[in-house]
Each structure stands twice: as C-alpha cells, then as structure tokens.
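Heads up: the structure comes next, in structure tokens.
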Amino acid sequence: MHTNVPSSKSRIHEQRNPVSILSIAFFLTATFMVIEFLVGLYTQSLALIADASHMLVDALALGVALLAVWLSSRPATADKTFGFYRIEILAALLNGLILIMIALGIFYESFHRFYEPPEIKTEWMIATAVVGLFVNLTNAYFLYGSQSLSLNVRAAFLHVMGDAIGSIGAIFAGILMKYKGWYIVDPVVSMTVGVLIIYNAGKLVRDSINILLEGTPGHINLEVIHQELCNVGGVKSIHDLHVWTLTSGFYAMSCHVVLTGEGEQHKILKELRSVLNDKFEVKHSTIQLEAKSLEDQEDHFCHSSS
C-alpha cells in the first residue's frame, strides 16, 4: 500500500497562513466595537449599543477563527494522525450557526419595530454607520484574498460582509429617516440584511457539514475520476474508491487498483498520482495495488473491464 501525505507545515505554507489577516480583522472589529459602545452610552442611543453588541459577536467569531487557524497548524500526533485540520471546519460551522442566530435576532427585532418604530438619532446613526462601513470594508479587503482557500476565513469574511451590508443599509435608512421621517425603513432594511446573511450562512453550514461527513468534494465526480484512473496503462479495475475533504482545499483519496500484470508498479503508481493531482487537485492519495488474482468483484465500488 502506498501513501502520499504532505506535511502539516508545507500545507500551511501553500495556503498562506491567514493568522496575520485574521489578527488585523479582529483588532479593527474589537476597537470599533468599543468606540461604538461608548458613543452609544454618551448619546443614549440603544441602536448604537445594539450594533456594538453585534460587533461583539463578530469579534468573538473572528477570535474563534483565529484560534482555529492556530490550532489547525499544530503537527500531527500519535492520537491525531491527520493533525488538527478539522478544527478549522468546526469553527466555520460554529460561525455559520452564529450568523444564522444573528439573522433570526434581526428578524425578531424588525418584526416588533414594524408596529412601533422608535425615533432614532439619525445624525449619530449615519456617522457611526459610515465609520463602521469603512472598518468592515477594510476587514473585507484583507480577508478576501484568503477566503477562497479556507472555509474558516470564508466564515469570517461573511461576518464582515454582513456587517458592511448592514452599514450600507443603516446609512440608507438613516438618510430616509432624517429627511423623510420614514422610520419604517429601519426594520425593512434590517430584514433585507437578515435574508442575505441567512442565504450565505446556510451555504457555509452546508459545506461544513458535508466536509465533516466526509462527503465527496463538489468539484469531483466519482464516475469521472474512476474512469480516468482506469484509463491508466496497466490498470484492470478500480474499487473501494473514496474521495473526501480533510479541510479547505485539502482533498484526500483512497482506492484499490487491480493490475493487469503488465507494466512496472512504480510507473503505474506515479501516473495514477499524476492524474489525481493534475485533473482533480487531489494531492493526498492512498493507493493499494493488487494482483488480478485478488480481485473480488462482489466487493467493488465499481468495475471496469479495461
């Protein structure tokens, strides 16, 4: 049986460890949260204090993401032979659930404000929302480059983008309330933001659960990968084929390969790994080579007569 396992350090290097990026986002969010809370106390604005509480949740989410990245970089042990990569996925799932709870809280508060919209100090609301938008766009700028590489960073990115959309909505609502007196705009905008948050958070939760259940990565079709491997010279059939995601961007595969008896085993193995890497982005593979005499068709995942 042959296996190809990249080291923990090499994988982290390839994916550009986002610790510094998450640290910047955490610092900016936590700093603005404190400022917004103090301004809320000074102006006796419940809206600003409530938004500061929302920023507190985001700061905690970024802190969880930062901790998860640090823990996932720890080396493998005898008890955790794959290392701690899955901590990143658990953190992403937790953040997705937090986002959904935030959205439900927005719906609840918005529902009550439809009937009794409070009078809001719009000048402070607009000014604070403008500063908040700047902070969130700055965070989004730092997180955007790495969010496609890590589900955990993607969760943090969705948090700050949700806040940025909320800030834009707050600015828009503040202007309408200030010049038109349409206080009903506040809950309408809030519910719109909540729908967007739930849509993105739902996908995040779905992807996290799929990884934890070791589902096949979305970009891989098992029938296609089976056929490509069977097309390699010297391969009679493939069975017990499994492909899963260990953590964001790190795909693993295991299978049994029945040989025809023609060709050198190390050349066949090299070509199989080349197909997996070049066509399917699978860099971690465990391939068991078997002689034709060991073939048991009843236990096969699939079978090729080639």
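Each value in this text was obtained by applying a stated rule to the coordinates, not by laboratory testing. This is a predicted model, so every value here is computed, not measured. Positions of Cβ are backbone-derived with ideal geometry, glycine not excepted, and every protein chain shown enters the neighbour counts.
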Assign one of three labels to segment 141-278, namely rounded, prolate or oblate, based on the Cα gyration tensor with a ≥ b ≥ c the square roots of its eigenvalues; rounded applies when a/c is under 1.5, prolate when it is not and a/b is larger than b/c, and oblate otherwise. prolate
Using amide H atoms built in the peptide plane, which far-off residues or other-chain residues are under 5 Å from LYS283 H to H? TYR251
Distance from segment 70-114 to segment 178-237 (C-alpha centre basis), Å: 15
Calculated from backbone phi, Karplus (6.51, -1.76, 1.60) coupling profile of segment 215-224 in Hz, x at Gly/Pro: x, 5, x, x, 8, 10, 9, 4, 5, 5
Of all chymotrypsin sites (Phe, Trp or Tyr not before Pro) in segment 137-233, the ones in DSSP coil with at most 16 other Cβ atoms within 10 Å are TRP182
Once amide H atoms are placed 1.01 Å from N in the peptide plane, what residues at a sequence separation of 5 or more from SER237, or on another chain, have their amide H within under 5 Å of its amide H? VAL258
In percent, how large is the relative contact order of segment 66-178, given Cα pairs closer than 8 Å and 6 or more residues apart? 28
Whose amide H sits under 5 Å from the amide H of LEU289, counting only residues 5 or more places off or on another chain, with H placed in the peptide plane? HIS2, VAL257
Where a ≥ b ≥ c are root eigenvalues of the Cα gyration tensor, a/c under 1.5 meaning rounded, otherwise prolate if a/b exceeds b/c and oblate otherwise, segment 222-299 counts as prolate
Go through 263-270, 206-213 and give me the packing order, highest mean Cβ count within 10 Å leading. 206-213, 263-270
